[in-house]
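Working notes for the structure below.
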C-alpha cells in the first residue's frame, strides 16, 4: 500500500550541528535514522509526526570506538555493524547476540542502536543489555551535551528523558566484569517481537534486566540483591515475580511471561555457574 | 522409491519421455528475472485505484451513510449500482457483493471508491451509522447452521456393545490464514462494450459466472484472465469473485480501468481463512486393538455466509474416521454461522482438521490399550477390499500400509521412540489420506472440458487450469507431449483467458493433474489418431488448424448417493504418513521441529521435482498450522492482521523435510497419477502433536503454542 | 534524487519520503521487486543498497541519494542463481523469488546450510518449505 507521503516533510541536515539546530527550531520534527519502523507506524494510522530530520548521512554518528575506558557506540551503528565489530564482541558480546536476534538480515542492515533506544518499546531487544551494562546515553542538543545513565533513561511507557530537541548521539559502555548472558524468547525462531527478553551479568554484583514484562525495560534490583546476598535461586525467583508486571497481549499472556522470566533467571544462574 | 531427477535444462527429450522426468518448466525464466507479470505489475492508461469501505461492527443494521469528502474525481459505488443480483454467486447465493442494510460481520463491503490519486482515495472519510445487534461468535452456541450431515455405516450401538474399551476425546483446530506472499488483487478494464478482469485468480470461470450474475444481461462480454499468481492455497478460489465484482462495478461506472490490490492487513482481515473445528470422538475398541465403533462429531465455524462450508464439512466428515477400517461408524457434522468474516477454501479443505483429531485420538486409544500406536494403526489401516465409512471398497491403489512402513523405516521411528524416552526429544507419527477430485458427483456436475489444438510449431493446450506454483503448465505439457509422442518443448500452454479456453473446472481439490490432466491425455490421444502419423506442425502446414476438445467422463464403476453420503466418495485417494521429531525447550515451552519425514503415495510423479516441492511446501505449511499460526479474534475480527503478528515459518522455523514419493498407480489417472496438492497438509499437525505427546504432554488443540505447552508441562508435573 | 540504479545513473523526481519500493516499481518502471506486506516482514521487496540487502518497502527515497541500488533486473536473466531457482524448483509461484535471489546474492560462494538459513530468515516463502531454495543456492 502506498503510504500518503505528500504530507510528510524531510529536513536534510549536512552535519550534526545543523541537525541539532533543526530539532531546536522545528519542534514538530522528529529524528529519522534507519527507518525500519517509519512506514509501519505511518500505516497504522493515527496522528503521529509528519516532519523528519534525516540523520542517515551523518557518518560521525556511526563510529564504534574505544577512546578511553568506555566503548563508544554511535547511535547510527546498525545491528550488522554491532555484530561485525570486534570491539563490541570483546567488550559486550551480549549486545552482538541481541543484534543477531532483532530481525532478518535486511532489518539488521538498517536498524540502529539509537533507534532501538529512542523507540522506547518495552520489548526492545538491546535495552536489557544496555541496562545491565549500565550504559551511559549521550544526548546532544544545539546548546548542550549531557549523559544520562541508562537506568534513568526511561520515565514511563514509551517515554524517555530525551527532550524533543535532543539527539541520542552515542551510547558508552563501561568495562563489564563478569559473564554476560542473553536470551530472547520470541514468537518464532527468527524475525519476531520478544515475549520475554533478558540480559544478565554474573559477577559478585550480579545484574539482571528484562524486557516485555513492564511498561519499560526493567532492572531487577531486588532479584539482584537476593542473588548478591547468596540467597537461594528460589528466593531470587520470588523477588523477580514481585518486580515484574507482565500483561496479556495478542502475542502472549501474563502467566506465560511470568513463568518464562522465572525459568530464564534459573537458566542464567545455572549456565553461568563455575565449577 | 526416492524422487527422480530429470536431465538438465536445454536437453532435448526422447519422444515419449517427458512424464516422470523433471523437465525444464514451462514458466521460463520470468519468475527468477522479475519479468513475470503479477496483478499489481499491470498498468493501463487512465487507470484508477479502488478502495473498499467496510463495516465496523460485527452485527446489526446500517442506518445511514454520509460521504465526508470532496467528491471531485471520485467514483462511488453502492449496492444500488448493481444491475444484476447483489450476490457473490457460489454454492448458496447468500453473500451480498455490497451490504444493503443487514450487517453480518465486521469487515463487510459497504461502499466502493475509486480515484486516480491514491492519497486522496485513502484520505476519504465515510461516516456510517449503525444499529448494533447481538453478535454470535461461538459456533457451538450458534442458532443457525449452513449444513448438517450424517454418515452411517453398520450399527453403532452393536459396535459399542462389542467393545472392551471406549475412548473419548475432543480436539480443536483454529483458523489458519493462507499468507500467499502476493495478496489478492485484480484490475478491471472496460473493453468492447464489455469488461475484462485480470487478476490473481485460481478459478477464472468462477469469477466469470459470478460477474455474469452480478451484472445481469446488460453486460454480455465478460472476460477473465489469470495473471501470474503469487500463491493460492485455496485463498484465491472463491474470494476473487467478490473482489472482481467490486473492481468491475467501479470500472463500469467510471468508464476507466480500476486496479484493486489489497494490502496485507486488509487481506488478512477481510478474506477467507481455514474453518476452525471442534471434533469429538467416541471410539469402541477390542482389547486386541480392533476398532469396532467410531462416533465422530464435527463442528466447523463457517463465519457469516455459507461460501463453501457445506463442501468443507462434507470432505472433512468423510475423512473423519481416518484411513482405517471399522464396521460401525457414525459421523455427524454441522457448519455453523457466526458473525465473523466467512471462512473458505484452504488446502486440505476440512481434512487437516479431522485428520488432526483422529490421529491424536488414535494415539490415546493406543495408550488406553497399553499398545504401541503403530501396531494399532497397522491392525486397522485400510487394505484393498476393505470399505470406508461411506462403503467405498478400496482397490489395489490403496497404500495405507505401504506409506506407514516406508515412513517407519526411513525415519528410524521405533529406535528413536525408545532412545528419546525421558529426554527433551520426542517423535510422533500420523497416517492420513486425501480423496482426489471433487467429492461424490461433483466432477460430473462440473463437466470439465479441455482442448489440444495444432499450431505452426507444435500443439497448444487450452484449459482453465491455473498455474500458481504447483506446476500446472509443465505437468499438463508433459502429459500431452507423451500422449502425442512428440517433443515436450513443442507443446505450449495457453493463458487462462475465459474467452479463449474451455471451462476445465476450478484449480482446486487435487484435481488438476488427475482429472484435467486425464481429460487432456484423452484429447491428445484422439488428436494423435487424427494426425495419421504426421507430426503436428506438418499436419498444420498441410491441412490447417485442428482442435480436439474432450469432456470429463466419470469412471463407469463410480456409484454415489448424495443424500446419504454412501458409495464412492472419490475416484481414488492419495496416502501419506508423516513422522515428526521435536525438541522441547523446558524453559519456554517452545517446540523446535527437528525433522519431518513425509512419505506420500501420489500414484505417479509426473514431474518428480515439482511433486517433491509440493510435498515440502505443504509440509511446511502444516508445521505452521501446528505450532505457530494463531489467528487472534477480538469482537469477531482478526486482531493480529499483520505479518509481524501472524507468524508463518521462516527458514529457522522449518525443519529438515525428507520426502519419499511412492508410486502405486491409479489406473484412471494420467500415467497412474493421483492428486497430491492437498495431501501433505494433513500429516504434520498430528505428527507434531503426537511427538509432543511422546514427551508426556497431553495437547488436543492447535496451534500448540508455547503458552499451551508450558501449561501442559505444569499439569503433567 | 540522484542515485545509481543497476549500474546506470538515475535521476528520479519523487517525494524524498516515497518508499524506494514504489519509486522502483512506478517511477522507474521496474516491477520485478514485489510488495508482500509493506512491513519489512516478508522480504519480497529485497534490493541491494551499496551491496547490502534491505527491504525497499522500508527505505525512504532520500536514503539512497548517491547510493548504488541493485534490483533483480540488475542481474539480467542469466545469473546462475536465476537458472538454479527455476531448475531446482526453488521458485514455485515466484512471488518471493526476486527478493530471495537478491538476498541470496549477498551470501558469497558456497555458503553453508546454516548460513543460508540464518541469512534468509527475513525472506518468507509459503510455497516451497525452503528445501528447494537451499538446493538452488547450493547447486555447484
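The coefficient of translational diffusion for the stretch B:48-102, derived via Stokes-Einstein from the alpha carbon Kirkwood radius under 37 °C and 0.692 mPa s, stands at 245 µm²/s. Spin-label model, residue B:409 to residue B:253: label points 7 Å out along the Cα-to-beta-carbon direction sit 6.4 nm apart.
Projecting label points 7 angstrom from Cα along Cα→Cβ for residue A:161 and residue B:170 puts them 5.4 nm apart. Highest average first, the peptides B:483-494, A:43-54 ordered by how many other beta carbon atoms sit within 10 Å of their residues are B:483-494, A:43-54. Given R0 = 25 Å, the distance between the Cβ atoms of residue A:242 and residue A:205 translates into a calculated FRET efficiency of 0.80.
Remark: C-alpha extents of the stretch C:52-140 on the principal axes read 38, 26, 26 Å, sorted largest to smallest. Mean sequence separation of contacting Cα pairs (under 8 Å, at least six apart), scaled by the length of chain B, corresponds to a relative contact order of 17 percent.
Normalised by the number of residues in chain C, the average gap of Cα pairs under 8 Å and 6 or more apart makes the relative contact order 26 percent. In the stretch C:2-74, the DSSP beta bridges split such that about 85 percent are antiparallel, to the nearest 5. Taken over the protein assembly as shown, the ratio of Cα radius of gyration to 2.2 N^0.38 Å equals 0.94. Taking every DSSP helix (H) stretch of at least 4 residues in chain B, weighting each as -39,500 (n - 2.57) and dividing the sum by the residue count yields a mean residue ellipticity at 222 nm of -8000 deg cm²/dmol. Inter-chain Cβ neighbour count for A:46-56, averaged per residue, equals 2 (cutoff 10 Å, partner chain atoms only).
Sorted fewest first by neighbouring Cβ atoms within 10 angstrom, B:650, B:563, A:169 come out as B:563, A:169, B:650. Between the stretch B:596-644 and the stretch A:101-178, what's the alpha-carbon centroid distance in Å? The stretch B:596-644 and the stretch A:101-178 have Cα centres spaced 39 Å from each other. Rg and Dmax over the alpha-carbon atoms of the stretch B:195-326 stand at 20.8, 73 Å. All C-alpha to C-alpha distances of the stretch A:9-53, sorted into 5 Å bins beginning at zero, yield P(r) values of 5, 21, 30, 22, 14, 6, 2 percent in whole numbers.
Both radii come from the Cα set of the stretch B:616-701: Rg as radius of gyration, Rh as Kirkwood radius; their ratio Rg/Rh reads 1.08. Partner shielding of B:586-593 amounts to 5, given as the average count of beta-carbon atoms from other chains within 10 Å of each residue beta-carbon.
Sorting B:666, B:552 by the number of Cβ atoms found within 10 Å of their own Cβ, with the fewest placed first, yields B:552, B:666. Taking the convex hull of the alpha carbon positions in the stretch A:179-271 and averaging its projected area over all directions gives 5.7 nm².
The fewest-to-most ranking of B:272, B:286 by surrounding Cβ atoms within 10 Å reads B:286, B:272. Working note: Debye formula, equal point scatterers on the alpha-carbon atoms of the stretch B:655-717, no solvent; log10 I(q)/I(0) at q = 0.27 Å⁻¹ is -1.16. Put a dot 7 Å past the Cα of residue B:635, heading toward its Cβ, do the same for residue C:4, and the two dots end up 5.3 nm apart.
Sorted from greatest to least, the principal axis extents spanned by the alpha carbons of the stretch B:515-621 come out as 76, 42, 17 Å. Alpha-carbon geometry of chain A: the Rg and the Dmax are 18.8, 63 Å, given in that order. One quarter of the convex hull surface built on the alpha carbon atoms of the stretch A:20-146 amounts to 8.4 nm², the projected area averaged over directions.
Using the Cβ-Cβ distance between residue C:50 and residue B:494 with R0 = 35 Å, the FRET efficiency computed as 1/(1 + (r/R0)^6) comes to roughly 0.20. The distance separating the Cα centre of the stretch B:149-174 from that of the stretch A:200-274 comes to 49 Å. Over chain A, what relative contact order in percent results from Cα pairs under 8 Å that are six or more residues apart? After rounding, I find 15 percent.
Could you tell me the center-to-center distance, by alpha carbons, between the stretch A:29-67 and the stretch B:266-283 in angstrom? Value for the Cα centre distance between the two parts: 41 Å. Only beta bridges with both residues in chain B are counted; by DSSP, about 75 percent of them are antiparallel. When its C-alpha radius of gyration is set against 2.2 N^0.38 Å (N residues), the stretch C:1-71 gives a value of 0.96. Per the Debye formula on identical point scatterers at the alpha carbon atoms of the stretch B:20-154, with no solvent, log10 I(q)/I(0) at q = 0.10, 0.17, 0.19, 0.21 Å⁻¹ is -0.58, -1.03, -1.16, -1.30. The convex hull around the C-alpha trace of the stretch B:117-230, projected and averaged over every direction, spans 15.4 square nanometres. For chain B, report the % of Cα-Cα distances exceeding 53 Å. Of all Cα-Cα pairs in chain B, 9 percent lie more than 53 Å apart.
Between residue B:378 and residue A:152, what FRET efficiency follows from the Cβ-Cβ distance if R0 is 51 Å, with the result rounded to 0.05? In this case the efficiency is close to 0.15.
Taken together, the values in this text are just the output of simple stated rules run on the coordinates, not laboratory data. Everything numeric in this text was worked out from a predicted model, so none of it was measured. Every residue, glycine among them, receives a Cβ derived from its backbone with ideal geometry; neighbour counts consider all protein chains shown.
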